[in-house]
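Chemist: Mind having a look at this structure? Questions to follow.
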Amino acid sequence: MRTWFITGMSTGFGRLLTERLLAAGDRAAGTLRDLSSADDLKEQFGDRLWLAPLDLTHTHEIRPTVDAAWAAMHRIDVLVSNAGYGLLGAAEEVTDAQIRHQIDTNLLGSIQLIRAALPHFRAQHSGRILQILSLGGQVTIPGSSLYHATKWGIEGFMEAVAQEVAVFGISCTIVEPGAARTGFRNRSAVVGPRIPAYDRSPSRRMNDIHDDKSITSPGDPVKMVDAMITSVEQDPAPLRLALGSDSYSYIKTALTTRLAQLEAQRGLALSTDAADQGNSPNWFQSDNG
């Protein structure tokens, strides 16, 4: 039996994870903005489910909530950083307030959540972190620039953290689902005010996809959640977990394109070294190469 801490557990992946884990006999500590949305789960599973209200934009509340969860459950084996949403619109279209909220939720909130959990995991000498992102952490789509800014930021943060904390028995997995049938796009996405000039921009395609409720996402959220749960059994932990045919395809194309662009600049890159570079230590070397 494992104990899980899951943010954003009222809907989508968070809700499915909680349901499946509790049904399998595990325990869960969940955070959500409206506690009443989990009344049915609390009634069914009782003390195996601990709940607390939390809005990740209120960063000062994150550490006390994490501390309270550990105190109540005595041990947490897996942290699932799941809460987040998408801000759609070209960079010029979204408002300053929308930008601030997107960064506070997706980037700063996730960072502070993980920072709050690390002392507890270190004390246990073990722990697994699942950071739920999307293919948008490695791929860019016009009309989602601020969303990508947060997801790419967490990608880099998590990859570095994974190296920092491995010595303490803590492992990390970045989960990168493609579009899934969770209602994320039509329910929680926020759209910036439209500037007519951008009707000619490829960014408008994201607005159209958001507006067209008939479009069906390819990903099965139940299969994706099951893959997330299964990944916790893997040792060593996979650094990244791509889920969905669209995630695999888009990420492969993006990485292949970037590698080709890098190789085309090899000569230029090497030509800019100092003449005595051969006597310098490789200060940037890490365990990941």
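The values are calculated or read from the model by the stated rules, or taken from the named source; none is laboratory data. Predicted model, so just to flag it, every value in this text is computed and none were measured. Every residue, glycine among them, receives a Cβ derived from its backbone with ideal geometry; neighbour counts consider all protein chains shown. All accessible areas refer to the heavy atoms of the entire protein, side chains included, with ligands and DNA or RNA removed. Shrake-Rupley method; radii C 1.70, N 1.55, O 1.52, S 1.80 Å.
Chemist: Given the -39500 (n - 2.57) contribution per DSSP H run of 4+ residues, what per-residue ellipticity at 222 nm results for the chain, rounded to the nearest 500 deg cm²/dmol?
Modeler: Taking each H run of at least 4 residues, the total per residue is -13000 deg cm²/dmol.
Chemist: Contact order normalised by length for the chain, with contacts defined as Cα pairs under 8 Å and 6 or more residues apart; what percent is it?
Modeler: 18
Chemist: Taking 30 Å as R0, compute the FRET efficiency from the Cβ-Cβ separation of Arg75 and Asp220 and round it to 0.05.
Modeler: That gives a FRET efficiency of 0.40.
Chemist: Can you pull out the trypsin sites (Lys or Arg not before Pro) in the range 51-125 whose DSSP state is coil and whose Cβ has at most 16 other Cβ atoms within 10 Å?
Modeler: For trypsin sites (Lys or Arg not before Pro) across the range 51-125 that sit outside H, G, I, E and B with at most 16 neighbouring Cβ atoms in 10 Å, the list reads Arg75.
Chemist: Per residue, what accessible area does the chain have, given a 1.4 Å probe and all protein chains present, in Å²?
Modeler: 51
Chemist: Say the dipole of the chain comes from +1 at the beta carbon of Lys and Arg and -1 at that of Asp and Glu; which of Ala162, Ser81, His58 then lies farthest toward its positive end?
Modeler: Ser81
Chemist: What order do Leu51, Leu32 take when sorted by accessible area (1.4 Å probe), most exposed first?
Modeler: Per-residue accessible area, sorted high to low, gives Leu51, Leu32.
Chemist: I've got another one for you. In debye, nearest 20: dipole of the chain around its Cα centre with unit charges on the Cβ of K, R (+) and D, E (-)?
Modeler: The dipole of the chain has a size of about 260 debye.
Chemist: Over all Cα pairs of the range 1-106, how is the pair count split among 5 Å bins, expressed in % and running from 0 up to the last occupied bin?
Modeler: 2, 12, 23, 22, 16, 10, 7, 5, 3, 1
Chemist: Where in the chain lies the longest segment free of GluC sites (Glu not before Pro) that are both loop residues by DSSP (not H, G, I, E, B) and have at most 14 other Cβ atoms within 10 Å?
Modeler: 93-232
Chemist: If you place +1 on the Cβ of every Lys and Arg, -1 on the Cβ of every Asp and Glu, and leave all else neutral, what size is the dipole of the range 12-144 about its Cα centre, to the nearest 20 Debye?
Modeler: Here the size comes out at about 560 debye.
Chemist: With all protein chains present, how much of the accessible area of the chain (probe radius 1.4 Å) comes from carbon and sulfur, to the nearest whole percent?
Modeler: Summing carbon and sulfur atoms, their accessible area is 55 percent of the total for the chain.
Chemist: Let me ask you something else. Between Asp67 and Gln163, what is the label-to-label distance in nm when each label sits 7 Å out along the Cα-to-Cβ direction?
Modeler: 3.2
Chemist: Which helices, taking whole DSSP H runs in the chain, have alpha carbons extending 20 angstrom or more along the helix axis plus mean Kyte-Doolittle at least -1.0?
Modeler: Membrane-span-like by this criterion, though nothing is claimed about a membrane: 110-124, 145-165, 245-264.
Chemist: Still on this structure, I have one more. Work through the residues other than Gly8 whose Cβ is under 11 Å from its Cβ and net out their charges, Lys, Arg +1 and Asp, Glu -1.
Modeler: Here the count lands on +1.
Chemist: Mind grabbing the accessible area of Ile111 for me, 1.4 Å probe, Å², rounded to tens?
Modeler: Counting only protein heavy atoms, Ile111 exposes about 40 Å² to solvent.
Chemist: Evaluated at 4 °C with a viscosity of 1.567 mPa s, what Stokes-Einstein diffusion coefficient in µm²/s does the range 20-80 have when Rh comes from the Kirkwood expression over alpha-carbon pairs?
Modeler: 106
Chemist: Any idea what log10 I(q)/I(0) is at q = 0.19 Å⁻¹ for the range 100-162, Debye with uniform C-alpha scatterers and no solvent?
Modeler: Relative scattering, expressed as log10 I(q)/I(0), comes to -0.72.
Chemist: Students sometimes get this wrong: rank Tyr85, Tyr248 by accessible area, probe 1.4 Å, all chains present, largest first.
Modeler: From most accessible down to least: Tyr248, Tyr85.
Chemist: Next question. Please state, rounded to one decimal and in Å, the Kirkwood hydrodynamic radius that the range 61-155 gives when every pair of distinct Cα atoms enters the mean of 1/r.
Modeler: 14.4
Chemist: Based on the Cα atoms of the chain, what semi-axes does the equivalent ellipsoid have, where each is the square root of 5 times one gyration tensor eigenvalue, given in whole Å with the largest first?
Modeler: Semi-axes, largest first: 32, 27, 18 Å.
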